[in-house]
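To keep things clear, I will list the structure first and then write my remarks on it.
The values are calculated or read from the model by the stated rules, or taken from the named source; none is laboratory data. This one's a predicted model, so the numbers in the text were calculated from it and none came from an experiment. Note that each Cβ is placed from the backbone with ideal geometry, even for glycine, and that neighbours are counted across all protein chains shown.
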Amino acid sequence: MGKLEVINPRTGQADHAIVPATREDVAAKASALRAAQPAWEAMGVGGRCGVMARWLQAVKARAADIGEADAHDTGGCHTSYLQGFITMGNVGGWLEDAPRAFAALEYDAMSPSMPTVRVQSQVVAYPLVGVISPWNAPLMLALLDAVPALFAGCAVLLKPSEITPRVIEVLFETVREVPELAAVFDYVTGAGDVGQAVIGEADTICFTGSVPTGRKVAVACAERLIPCHLELGGKDPCIVTETADLERAATAVLRGAVYATGQVCYSVERVYVHQVIHDAFVEKLVAKAAEVRLNTDNPRAGHIGPFTHGPQADIVAAHIADAVAKGAKVECGGAVEEIDGGRYLRPTVLTGVTHDMAIMQDETFGPTIPVMAYADTEDAIRLANDTQFGLTASVIAGTAEEAEAIGRRLNAGGIFLQDTFLTFAKMRTFGSDSFGWSGHGAPRIGPESLRRFLRRKSLLTQTGAVADIRDDHHLGKGA
């Protein structure tokens, strides 16, 4: 099979290539991982923590290289350069949380319904977890699933996006420094057909990507009767109330909408502002947006970079064009620019938007900020909940109490109050579910997310006399 060229998002030119795995390649790697997994699980969580601690040191030594590779893949943004350190935080966090997560699943007591029966728990890892990760935040979103699966005792076969494979190659240089880990953690490269092959080999699947592809993954897993965990993006709203501090609100909305060029699943994609302050809010937002710089001259400078996947710019442009054709006004930005081969869009604020526009219904995944006025709280909640998605939502109000009262009525798994973009704050606390099209399966954040990769067994021991069927007809007499 021929090589697949990989495009540099800053130049629009191919500067890397991968060799797609064949179905036989995937099957061979899956077989090797399965063969090594029983010994990995038999180490127990303490033994695995020891191995993962050594990997943490290997990652630490290459943290800067990992960040550079991630930035090369994505076009460069502040978070990309931190990916090595974010990986260290991920692994280090599980070194503390994994033992507690296993302890929480332990049970050993006499049955409350049959007092002579001892009930004991056992957890068994899925032998092989398949992780299919996206082109945005390519390392972070791959390891969000792979790391807890490894701590759980599973082997993991990763299929990164063919658009952003460079950082995975660097990561696995660190994996190979730890032989016990390398035996149970591997990857394959290629397009959708390679992902299909991974689904055909794994015992459970974690997929992050678009709704259309997520549907296909779900169907393929259903045909094999294996579980899947899907993270499918959002159309995340932000409500700004009449009492909100406009400076705070505009600052939070701008960052939440355009950080990483808006290519984050929980980016703010719809903004609802009370009609009394709508114009003043838009004025502040546009002024702040004008100060956001593209990083065309230096990936470490500026505030937002190019579209990681060039064709995504066409989707964003189509959403803007649809909105304008239906009466929306572009207050700033609005045109995709090609600069030195990269495709960029400056922060784009739109007003006069309505819910019959794609930019208010479909995931845009770009630095766009459509702003819509609302009449009262009930109107704001209705508009925010008028979506098929339900990943996150934000509320900025005069007080935290006012924001919380509204947030409790929004249909989304993560509710950010008095700010936007707060997902990282809940990483090691507890998980949340996705609503609607935003996802399917158990939470992928928090100590409980490790539970996704374990099957629970119960061992029941009769410590008293066994029941005699010849005495069954006496049951209930004399009661």
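Which one of Gly47, Gly76 is of a type in the set (Gly, Ala, Ser) and either at pLDDT below 95 or touching a Pro at 6+ places or on another chain (Cβ under 7 Å) (or both)? Write out each step before concluding.
On the way: Gly47 fails: either at pLDDT below 95 or touching a Pro at 6+ places or on another chain (Cβ under 7 Å) (or both).
Only one candidate qualifies: Gly76.
For Arg382, the conditions (1) surrounded by 23 or more Cβ atoms within 10 Å (Cβ to Cβ); (2) part of a helix (DSSP H, G or I) all hold with the exception of (1).
Condition check for Val51 on (1) touching a helix residue (DSSP H, G or I) at 6+ places or on another chain (Cβ under 6 Å); (2) closer than 30 Å to Phe421 by Cβ; (3) among the β-branched types (Val, Ile, Thr): one failure, at (2).
The single condition among (1) modelled with pLDDT of 95 or more; (2) over 22 Å from the mean Cα position of the chain (by Cα); (3) not in a helix (DSSP H, G or I) that Pro9 does not meet is (2).
Just to be sure, is Ala32 closer than 29 Å to Thr308 by Cβ, surrounded by 14 or more Cβ atoms within 10 Å (Cβ to Cβ) and out of contact with any Pro (no Cβ under 8 Å at 6 or more places or on another chain)? If you could, list the steps in order and put the result at the bottom.
Working: closer than 29 Å to Thr308 by Cβ: no; surrounded by 14 or more Cβ atoms within 10 Å (Cβ to Cβ): yes; out of contact with any Pro (no Cβ under 8 Å at 6 or more places or on another chain): yes.
Spelling it out, it is not the case that Ala32 is closer than 29 Å to Thr308 by Cβ, surrounded by 14 or more Cβ atoms within 10 Å (Cβ to Cβ) and out of contact with any Pro (no Cβ under 8 Å at 6 or more places or on another chain).
In segment 314-330, the residue that is farthest from the chain's Cα centre (by Cα) out of those that are within 19 Å of Gly342 (Cβ to Cβ) and either outside the structural domain of Met357 (by TED's automatic domain parsing) or buried (at least 23 other Cβ atoms within 10 Å of the Cβ) (or both) is Ile320. Go through segment 397-437 and count every residue that is out of contact with any strand residue (DSSP E or B) (no Cβ under 6 Å at 6 or more places or on another chain), modelled with pLDDT of 95 or more and among the aromatic types (Phe, Trp, Tyr). Count: 0.
Only one of the numbered conditions (1) touching a residue at least 12 places away in the same chain (Cβ under 8 Å); (2) touching a Phe, Trp or Tyr at 6+ places or on another chain (Cβ under 9 Å); (3) closer than 26 Å to Gly446 by Cα is violated by Leu144, and that is (2). Where helices (runs of 4 or more DSSP H) fall wholly inside segment 133-216, the ranges with 2 or more residues that are touching a helix residue (DSSP H, G or I) at 6+ places or on another chain (Cβ under 8 Å) and buried (at least 24 other Cβ atoms within 10 Å of the Cβ) are 138-152, 166-175, 192-201. The residue list Pro306, Pro299 contains one member that is surrounded by 19 or more Cβ atoms within 10 Å (Cβ to Cβ) and at pLDDT below 95, which is Pro299. Only residues that are surrounded by fewer than 24 Cβ atoms within 10 Å (Cβ to Cβ), outside any strand (DSSP E or B) and in contact (Cβ under 8 Å) with a residue 40 or more places away in the chain were counted across segment 265-281, and they come to 4. Exactly one residue out of Ala301, Ala290, Ala313 is more than 20 Å from Asn136 (Cβ to Cβ) and in contact (Cβ under 8 Å) with a residue 40 or more places away in the chain, and it is Ala290. Within segment 465-479, not a single residue is among the small types (Gly, Ala, Ser) and in contact with a strand residue (DSSP E or B) (Cβ under 9 Å, 6 or more places away or on another chain). Sub-6 Å Cβ pairs linking a first residue in segment 82-105 that is under 28 Å from Arg300 (Cα atoms) to a second residue that is surrounded by 15 or more Cβ atoms within 10 Å (Cβ to Cβ) and modelled with pLDDT under 95, at least 6 apart or interchain, are Gly93/Arg428, ordered by first then second residue.
Taking segment 90-123 as the region of interest, how many residues are within 16 Å of Ala149 (Cα to Cα) and either surrounded by 13 or more Cβ atoms within 10 Å (Cβ to Cβ) or touching an Asp or Glu at 6+ places or on another chain (Cβ under 6 Å) (or both)? Can you show your working first?
Looking only at segment 90-123, we keep the residues that are within 16 Å of Ala149 (Cα to Cα), and these are 90-102, 105, 123.
Restricting the remaining residues to those that are either surrounded by 13 or more Cβ atoms within 10 Å (Cβ to Cβ) or touching an Asp or Glu at 6+ places or on another chain (Cβ under 6 Å) (or both) gives 90-95, 97-99, 101-102, 105, 123.
Count: 13.
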